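Contents: one structure, followed by commentary.
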Amino acid sequence: MTDAAATRERLLKKSWGRLLLGLLSIFYGGAVSLRSLLYRAGILRSRRIGARVVSIGNLTAGGTGKTPAVLLAAATLKKHGVSIAILSRGYGGKGSGRDVTTLLDDRDIPSAEECGDEPWMMHRTLMGQGIPILVAKNRSKAGDLAVTFYHSEAIILDDGFQHLALDRDLDIVLVNAMQPFGDGHLLPLGFLREPRRALNRADLIVLTHSDRAHKSRLESIEAEIKAINPRAPIVHASHKADFLMDLKTGEKSPPTKLAGRKIVSFCGIAEPESFEASLLELDAKIAQKWRYPDHHPYVPREITSLQRIRDGIPVVTTMKDFTRFPAGWADTLDGEVYALAIKLHLSKGREAWMSAIESLVSTR
C-alpha cells in the first residue's frame, strides 16, 4: 500500500478524518471543474499531434482493467495495418533522468522500476510485435517522438481520459460494472477522479467485469450512463485468460495447463477477485490466496514466506505483479512459477468497438 493510501485509510477511521477528506474532496472537485471549464472555453487548449489519437481511460482510481483494453485497441489497429504507438504516464516509475523512456521489443529494455509496472507489463505482452511504448510525463512530446521516429499513424493514450492537454479523436471510457462510480465521492474521500457527468465527453463506454454483474444491475448502470451521455454506445466486456508465462524461462503456454491442478494465487491488484475468477474459469484449484494492496512493492521476506507455506504447488501471479518481484526471487521460489496474462473479451457490442476503431483507420 502506498503512503498516501495508508494515510487515507487511517483518516477514514476517524470522524474528523472523514470531515477533512470531505473538505479536500470539495476543493479537488472545484479544481477539476474549473480546469474542465477552461478547456471548454478555449482558455486552455488541447494540442494536436500528427497522428490519430485514441484515449483509454476511466472515471475512478484503478480497478477497471485499462491495460487489457489498451492491448485490445492495439491488436485491433494492428489488424488494420496501422502503425501504432502507446503513450503512458508510467505510474510508480522512477525514471532515469530521461524525458521519455521507450520500450520496444528487446532494444535496451528498462526495468519496471524505471518505467512503471503497467508499461513494462504491456511491453512483455507485445514483445516482438514492433509496437513502441513511450513513457513520459509530457505525453504530447512523447507523441511527437512516436510520429517522428516510429512513423506512428495512431497513438493509444493509456489512462488518458483526464489528460485534456492532448487532443484525441476517440475517447473510450471504462466503467467497472461491480463498482461503476466508486463510492460516489471524489478523491480523496472516494475514488472518483471526476464527477460522473464527465462521462458526457466519452465516445464509447465499456462496462468491464460485466460477466460478474446481474442483468438487472447492468441495465440500471446503462440507464444511469445514458442519462448522462445518450450518444455513446455501451459495450459489455469481461476479463479472460490469454496465456501463461513461465517466469523463470519466459516460455508461453496455454492457460488450460492449470486445469484440475492445485495452485497458489498471488497478487497485489485493485481487483483480486477478478484474477481469482479467471483462475477458477480455467478449472484451477486455488489452495491458497495471497492478496496485497494495488501496486504493492514485494520484499524478499514475503517471497520467503510464500515459499515456506506454498507446500510445493505452482504459484500463479499476474503480469503486473511480476514486475514488482524483488531481485533474487527466483533463488527463493523453486518449482513452477507463472504469470497469467489477461485479455479483454467483448461479450456485447463488439460491432460498436470495431466501428469506433475503424473510424480512426478510415480517416488516416
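The values are calculated or read from the model by the stated rules, or taken from the named source; none is laboratory data. These numbers were taken from a predicted model, which means no experiment stands behind them. For neighbour counting, all protein chains shown are included, and Cβ atoms are generated from backbone atoms with ideal geometry for every residue, glycine included.
Some values worked out for this structure:
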read-out: Residue list for region 237-281, restricted to those being in contact with a Gly (Cβ under 7 Å, 6 or more places away or on another chain) and farther than 18 Å from Arg324 by Cβ; value: His239
read-out: Residue list for region 315-336, restricted to those being of a type in the set (A, V, I, L, M), surrounded by fewer than 18 Cβ atoms within 10 Å (Cβ to Cβ) and touching a residue at least 12 places away in the same chain (Cβ under 8 Å); value: Ala330
read-out: Qualifying residues in region 99-127 (those that are of a type in the set (Val, Ile, Thr) and farther than 25 Å from Tyr298 by Cβ) - the one surrounded by the most Cβ atoms within 10 Å (Cβ to Cβ); value: Thr102
read-out: Unmet requirement for Trp353, which otherwise passes all of (1) assigned by TED's automatic domain parsing to the domain that holds Leu244; (2) in contact with a strand residue (DSSP E or B) (Cβ under 6 Å, 6 or more places away or on another chain); value: (1)
read-out: Residue ID - farthest from His123 (Cα to Cα), chosen from residues in region 48-82 that are out of contact with any Gly (no Cβ under 6 Å at 6 or more places or on another chain) and hydroxyl-bearing (Ser, Thr, Tyr); value: Thr64
read-out: Filtered residues of region 330-353 (kept if over 20 Å from the mean Cα position of the chain (by Cα) and among the hydrophobic types (A, V, I, L, M, F, W, C)); value: Ala330, Leu333, Val337, Ala352
read-out: Wholly within region 59-158, strands (runs of 3 or more DSSP E) carrying at least 2 residues that are farther than 23 Å from Asp246 by Cβ, in contact with a strand residue (DSSP E or B) (Cβ under 6 Å, 6 or more places away or on another chain) and touching a residue at least 40 places away in the same chain (Cβ under 8 Å); value: 84-88, 133-135, 154-158
read-out: Test for Ala339: is it in the same structural domain as Ala73 (by TED's automatic domain parsing), in contact (Cβ under 8 Å) with a residue 40 or more places away in the chain and crowded, with 17+ Cβ neighbours inside 10 Å; value: no
read-out: Residue ranges of strands (runs of 3 or more DSSP E) in region 204-314 with at least 3 members in contact with a Cys (Cβ under 9 Å, 6 or more places away or on another chain) and either buried (at least 19 other Cβ atoms within 10 Å of the Cβ) or of a type outside the set (S, T, N, Q) (or both); value: 285-291
